[in-house]
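Bear in mind that the values in this text are calculations on the coordinates, not laboratory data. Just so you know, these numbers come straight off a predicted model, no measurement behind them. Here Cβ is always computed from backbone atoms with ideal geometry, including for glycine, and neighbour counts include all displayed protein chains.
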Amino acid sequence: MKTTLTITLAFLLCVGSIGLATLSASSDNDGDGARIARGFKIAPVPLTFADRNRDLVGLGSYLVNAVGGCNDCHTNPSYAPLHDPFAGQSKQINADRYLAGGRVFGVGPSGPIVSRNITPDVNGLPAGLTWDEFRILIRTGIDPDTHRTLLVMPWPVYQDMRDRDLRAIYEYLRAIPHAEPATAPLPSA
Ligand code: HEC
């Protein structure tokens, strides 16, 4: 009787740990599912979906807000008043100016370097770029308007992303509201 109980217990323990192992393996390897869900949770602005692929928008939010740090340079100031985590305050992104650019990063060979407005323009294109222009810009670092190399933007890092991830970022940027920077950006030439 005692032996049967021991065997049964050992069996249950064994099944239990296989179950746990399977569970942790599946949450480590759930593809983009958890990132998409997290992306929707952390988006600091309302999103417009229209005909967009929702999964790409969610993934894009995750990549922009939890990985890419776009807000650090493209929102000026990055955090809402009294919500700056660097000052020990609770974090709240400056939704009113979210990704509208206007932050100055010193002076380059052809004038002041200012982060651009990457929210959708009147035609709904983020930073006024088509998907092809956006993809080429991130992959090469060359601005299609000026034909100059971007000097501050960490495109040498982002250029190694999968096409699907870049597309997700692009679709997310199409889904956020248009915003304007607090102060007019300096002339770029
Ligand atoms: C370290 C600061 C920094 C970070 C981080 C950053 N950017 Fe930039 N970005 C800039 C600056 C400054 C410019 C203006 C050009 C330059 O770099 O010289 C720019 C330019 C751009 C442009 C070109 C716009 C145009 O009109 O041609 C796009 C698109 C862009 N950024 C998207 C992004 C995205 C998306 C992210 C996050 C994945 C990001 N940036 C993260 C600083 C940054």
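Dipole size in debye (nearest 20) for segment 45-137 around its Cα centre, Lys and Arg Cβ +1, Asp and Glu Cβ -1? Can you show the working numbers first?
Values: 7 positive and 8 negative charges, 27 e Å.
That gives segment 45-137 a dipole magnitude of about 140 debye.
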Nonlocal amide H pairs with Gly108, under 5 Å, H built at 1.01 Å: Ile113
Exposure proxy ranking, count of Cβ atoms within 10 Å, fewest first, for Ile118, Ile36: Ile36, Ile118
Residue-count net charge about Pro77 - beta-carbon cut-off 15 Å; Lys, Arg +1, Asp, Glu -1: -1
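Diagonalise the Cα gyration tensor of segment 74-126 and give the resulting equivalent ellipsoid semi-axes, square root of 5 times each eigenvalue, largest first, whole Å. Mind dumping the intermediate values first?
On the way: eigenvalues 111, 63, 6 Å².
Ellipsoid half-lengths, sorted descending, are 24, 18, 5 Å.
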In nm, spacing of pseudo-spin labels at Asp30 and Leu151 (7 Å Cα→C-beta vector): 4.5 nm
Amide hydrogen neighbours beyond the local backbone of Tyr79, cut-off 5 Å, H modeled: Asn94
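When the chain is fully extended, how far beyond the present Cα-Cα distance does His178 get from Leu82, taking 0.36 nm per residue of separation?
Values: separation 96, 0.36 × 96 = 34.56 nm, distance 2.37 nm.
This chain segment gains 32.2 nm when fully extended.
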Fewest-first ranking of Arg38, Arg164, Arg116, using other Cβ atoms within 10 Å as the exposure measure: Arg164, Arg38, Arg116
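If the viscosity is 1.002 mPa s and the temperature 20 °C, what translational diffusion coefficient in µm²/s does Stokes-Einstein give for segment 39-78 when Rh comes from Kirkwood over Cα pairs?
Working: Rh = 10.7 Å.
The Stokes-Einstein estimate is 200 µm²/s.
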Label-point separation in nm, Val107 to Arg38, each point 7 Å along Cα→Cβ: 4.2 nm
P(r) tail fraction, segment 33-175 - alpha-carbon pairs more than 28 Å apart, %: 16 percent
